[in-house]
1. Only one residue in 48, 27 is free of Cβ contacts under 8 Å to residues at least 24 places away in the same chain and of a type outside the set (Val, Ile, Thr), so which one is that?
2. Step by step: first the residues of region 1-54, then only those that are more than 15 Å from residue 318 (Cβ to Cβ) and of a type in the set (Gly, Ala, Ser), then the one that is modelled with the highest pLDDT. Which residue is that?
3. When you scan region 141-155, how many residues do you find that are in a helix (DSSP H, G or I) and open to solvent by 30 Å² or more (accessible area, probe 1.4 Å)?
4. Give me the residue from region 231-263 that is free of Cβ contacts under 8 Å to residues at least 60 places away in the same chain and of a type outside the set (Val, Ile, Thr) and, out of that set, nearest to residue 186 (Cα to Cα).
5. Taking the residues in region 53-84 that are more than 19 Å from residue 214 (Cβ to Cβ) and surrounded by fewer than 17 Cβ atoms within 10 Å (Cβ to Cβ) as candidates, determine which candidate is nearest to the chain's Cα centre (by Cα).
6. Any residue in region 153-177 that's touching a residue at least 12 places away in the same chain (Cβ under 8 Å): show its pairings with residues that are part of a helix (DSSP H, G or I) and among the basic types (Lys, Arg) at Cβ separation under 6 Å, as long as the two are six or more apart or on different chains.
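The values are calculated or read from the model by the stated rules, or taken from the named source; none is laboratory data. Nothing here was measured: the structure is a model prediction, and the numbers come from that model. Cβ placement follows ideal geometry from the backbone for every residue including glycine, while neighbour counts extend to all protein chains displayed. Please note that ligands, DNA and RNA were not included when accessible areas were found on the heavy atoms of the full protein model with its side chains. Shrake-Rupley method; radii C 1.70, N 1.55, O 1.52, S 1.80 Å.
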Amino acid sequence: MSKISKLDSTLITNVRFPLLLLVILSHCVIIRTTTPASFALNGENIFHMTELISRSLGAVAVGGFAIISGYLFFLFPPKRYLDLLKVKAQSLLLPYILWVLISILAVWAKNQIALQIGFAPGISDVEISTLNRLSILELMILPFNGPLWYIRELIYLVVLSPIIGLLLRYTKVAFPIVMGVIYLLGVQIGVSNSISFYFVVGAWLGYTGRSLAGSLQIPTYLSLINLMAYLYIVLFLGDYPWYSTIYGISSMVLVVSIFTLVQKLTANEAFSHAMASLAPSVFFVYASHTVIFINLFRGFGYASPLGASPWGHILIQWLTAILTTISAYLLYRVSSRFFPRVTALLCGGRA
């Protein structure tokens, strides 16, 4: 079993909350589209730009999380497959099931409250119709709590981990390269090709005993050049035939840039201390933010006068992200203070 260096451990701790913020921001958008923006400076187009950028950053953040998961998994591999399944049942499967059930209950409660205060049946028609249409098993697999799809994909990869380990052992670096090609070409393999690729990259780094901090570095000037290219791709090339491929390449570089930036910021004691204190809340905030908070704040925002203009929509998006992050974190603090065992269960032992 390998040992993780202090540098790598600190990097993983410090990068988790920034990645979470990108996920939350991406979930605050309503229109899921890659339709290109224009160069117009009117409110509607600028709002569309913010949506395109926010939406795309969620995929980048998930890539970062997947690298960490793969790295830690293969840096500390279990001796027996059965032991692995027992550990992951507690750290992934049980929290997954519990949060889907909590999400179902939260949506039902929101709908009942909406009826009591005079709203039409179904404060969110999509959520309520989904609850009424699907069985509990289908809601689990979907999953009903959207962001938990990442946890679902991790569970699949855990089950497949012996095969991944064998491929890493016998094909060496060829395996992550092939997975990268599959990801860039958009080939469907049953498990999310983006998460699979980033997970395998992290797995290869962990399996070969490489330093995460030492491997995920890029010069600042290349990061800036790629950032400008990334923004252009996301904003204006959404209908380009090879959009997924060029976006995939640029997002790979952006993931490395995020790790590099956080590594540099880690030298700042205040930043490092803040990220270390926030890190234990990441899983809880990630699992709770969409159904419990985003729909609530966003719904009130669009029902307010702000919902009447594109500029108001931009403000709603950012206010939703800020209020959701603060509220979910405060809920975590209250839960961990008064119900520490329940919180630990909901976080798979991470709290």
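1. When all the criteria are applied, what remains is 48.
2. 9
3. Residues flagged as in a helix (DSSP H, G or I) and open to solvent by 30 Å² or more (accessible area, probe 1.4 Å) within region 141-155 amount to 5.
4. This residue is 242.
5. Once the filter is applied, the top-ranked residue is 77.
6. Here the result reads 158/88, each pair linking region 153-177 to a residue that is part of a helix (DSSP H, G or I) and among the basic types (Lys, Arg).
A quick yes/no check of all residues on (1) part of a helix (DSSP H, G or I); (2) surrounded by 14 or more Cβ atoms within 10 Å (Cβ to Cβ); (3) in contact with a Lys or Arg (Cβ under 8 Å, 6 or more places away or on another chain):
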{"position": "184", "(1), (2), (3)": "yes, yes, no"}
{"position": "188", "(1), (2), (3)": "no, no, no"}
{"position": "191", "(1), (2), (3)": "no, yes, no"}
{"position": "196", "(1), (2), (3)": "yes, yes, no"}
{"position": "199", "(1), (2), (3)": "yes, yes, no"}
{"position": "205", "(1), (2), (3)": "yes, yes, no"}
{"position": "213", "(1), (2), (3)": "yes, yes, no"}
{"position": "223", "(1), (2), (3)": "yes, yes, no"}
{"position": "231", "(1), (2), (3)": "yes, yes, no"}
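Results for (1) open to solvent by 40 Å² or more (accessible area, probe 1.4 Å); (2) outside any helix (DSSP H, G or I); (3) among the aliphatic types (A, V, I, L, M), shown as yes or no for each residue.
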position: 312; (1), (2), (3): no, no, no
position: 319; (1), (2), (3): yes, no, yes
position: 322; (1), (2), (3): yes, no, yes
position: 326; (1), (2), (3): yes, no, yes
position: 330; (1), (2), (3): yes, no, yes
position: 333; (1), (2), (3): yes, no, no
position: 336; (1), (2), (3): no, no, no
position: 344; (1), (2), (3): no, no, yes
